[in-house]
1. Does residue A:47 count as more than 14 Å from every other protein chain (Cβ to nearest Cβ), in a helix (DSSP H, G or I) and surrounded by 17 or more Cβ atoms within 10 Å (Cβ to Cβ)?
2. Taking the options B:94, B:143, name whichever one is more than 11 Å from chain A (Cβ to nearest Cβ), in contact with a helix residue (DSSP H, G or I) (Cβ under 6 Å, 6 or more places away or on another chain) and not in a loop (DSSP other than H, G, I, E, B).
3. Could you please find all residues in region B:57-80 being touching a strand residue (DSSP E or B) at 6+ places or on another chain (Cβ under 9 Å), facing another protein chain (nearest Cβ under 8 Å) and over 26 Å from residue B:139 (Cα atoms)?
4. Which one of the conditions (1) assigned to a strand (DSSP E or B); (2) surrounded by 15 or more Cβ atoms within 10 Å (Cβ to Cβ) does residue A:38 fail to meet, given that it meets all the rest?
5. For region A:126-140, enumerate the residues that are surrounded by fewer than 24 Cβ atoms within 10 Å (Cβ to Cβ) and part of a strand (DSSP E or B).
6. Can you tell me which residues in region A:73-101 are without any contact (Cβ under 8 Å) to a residue 24 or more places away in the chain and either assigned to a strand (DSSP E or B) or within 11 Å of chain B (Cβ to nearest Cβ) (or both)?
7. Go through region A:47-72 and count every residue that is out of contact with any helix residue (DSSP H, G or I) (no Cβ under 9 Å at 6 or more places or on another chain) and touching a residue at least 24 places away in the same chain (Cβ under 8 Å).
8. Quick check on region B:114-122. Is at least one of its residues within 11 Å of chain A (Cβ to nearest Cβ) and either assigned to a helix (DSSP H, G or I) or surrounded by 18 or more Cβ atoms within 10 Å (Cβ to Cβ) (or both)?
């Protein structure tokens with residue numbers, strides 16, 4: 001009987017531990033995840049500009065690699081937002097969250113970059129979050 | 001889609017409204033919930049804002065999926081169960097402000113912002129104090145206020161009710177440049 005009670009409480013503790021682990025899991029970035037979509041910045045913007053619903057079907061919540069040209073670099077607190085230009089009023093807004101190595105990396109306007117991030121939708125620009133740099137041109 | 005077109009038009013109207021126009025694509029909005037059981041925070045640095053000093057109009061638009069949480073599961077629950085961001089992807093505000101802005105540029109000026117918040121399919125009249133300041137051609141705006149989730153038909157399950165504050169603290173911080 002005692003053995004059964006010990007096993008019962010052991011299982012309960014194990015289940016609570018697993019539940020706590022899942023509940024407490026930090027937000028995972030995209031660094032160690034494989035991109036589901038690879039698309040040029042201009043094509044990504046054009047699809048959203050022409051049909052947002054269709055674009056959401058293809059891109060929303062997807063981890064994607066986007067290649068484009070740096071138009072602007074904006075520091076916001078400890079975050080960095082890099083705007084990729086597409087020759088239109090909008091562009092691709094790529095948010096680099098804390099914990100990235102952006103502070104140690106130099107970016108210049110006009111530099112060609114390949115950025116991996118998660119698409120959160122369209123709001124004048126196409127927005128990506130949790131971005132990381134996959135590769136960049138040595139000099140613009 | 002029609003709602004978004006309407007919101008977009010409101011935003012563009014503010015953009016086209018006058019000469020003293022300041023805009024940003026990287027405004028900050030954070031919300032914070034503190035209870036004895038848990039502290040929750042989520043922050044969005046991709047907030048679009050436009051302030052027109054001559055017309056005294058102001059507009060905000062942000063994607064709800066742009067709010068990042070420390071915990072993965074919280075972010076999922078926020079998007080899927082609370083604000084239902086697939087169905088209602090944006091939070092917006094469009095309104096006017098009053099206050100003595102003649103002295104803005106020399107010091108931070110307290111203003112009263114009044115307008116409509118759209119969140120989770122609910123449009124609600126809203127008013128809050130804020131400050132604006134212009135320094136070296138940059139307009140800085142700040143405001144802190146509280147929102148109640150149930151005002152926007154956001155229901156919190158009883159299982160987690162003790163972990164989420166009844167009133168959510170919201171912080172707005174925008175740094176806008178003149179529209180070129």
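1. yes
2. On the way: B:143 fails: in contact with a helix residue (DSSP H, G or I) (Cβ under 6 Å, 6 or more places away or on another chain).
Within the list B:94, B:143, the selection yields B:94.
3. Within region B:57-80, B:65, B:69, B:70, B:71, B:72, B:75 qualify.
4. (2)
5. Pass one, region A:126-140, residues surrounded by fewer than 24 Cβ atoms within 10 Å (Cβ to Cβ): A:130, A:132-140.
Across region A:126-140, the qualifying residues are A:130, A:132, A:133, A:134, A:135, A:136.
6. The first filter runs over region A:73-101 and keeps only residues without any contact (Cβ under 8 Å) to a residue 24 or more places away in the chain, leaving A:74-81, A:98, A:101.
Within region A:73-101, A:74, A:75, A:76, A:77, A:78, A:79, A:80, A:81, A:98 meet the criteria.
7. 6
8. Quick first cut of region B:114-122, residues within 11 Å of chain A (Cβ to nearest Cβ) only: none.
No: zero hits.
Every number here is computed from the coordinates shown, using simple stated rules; none is lab data. For clarity, every value in this text was computed on a predicted model and none was experimentally measured. Here Cβ is always computed from backbone atoms with ideal geometry, including for glycine, and neighbour counts include all displayed protein chains.
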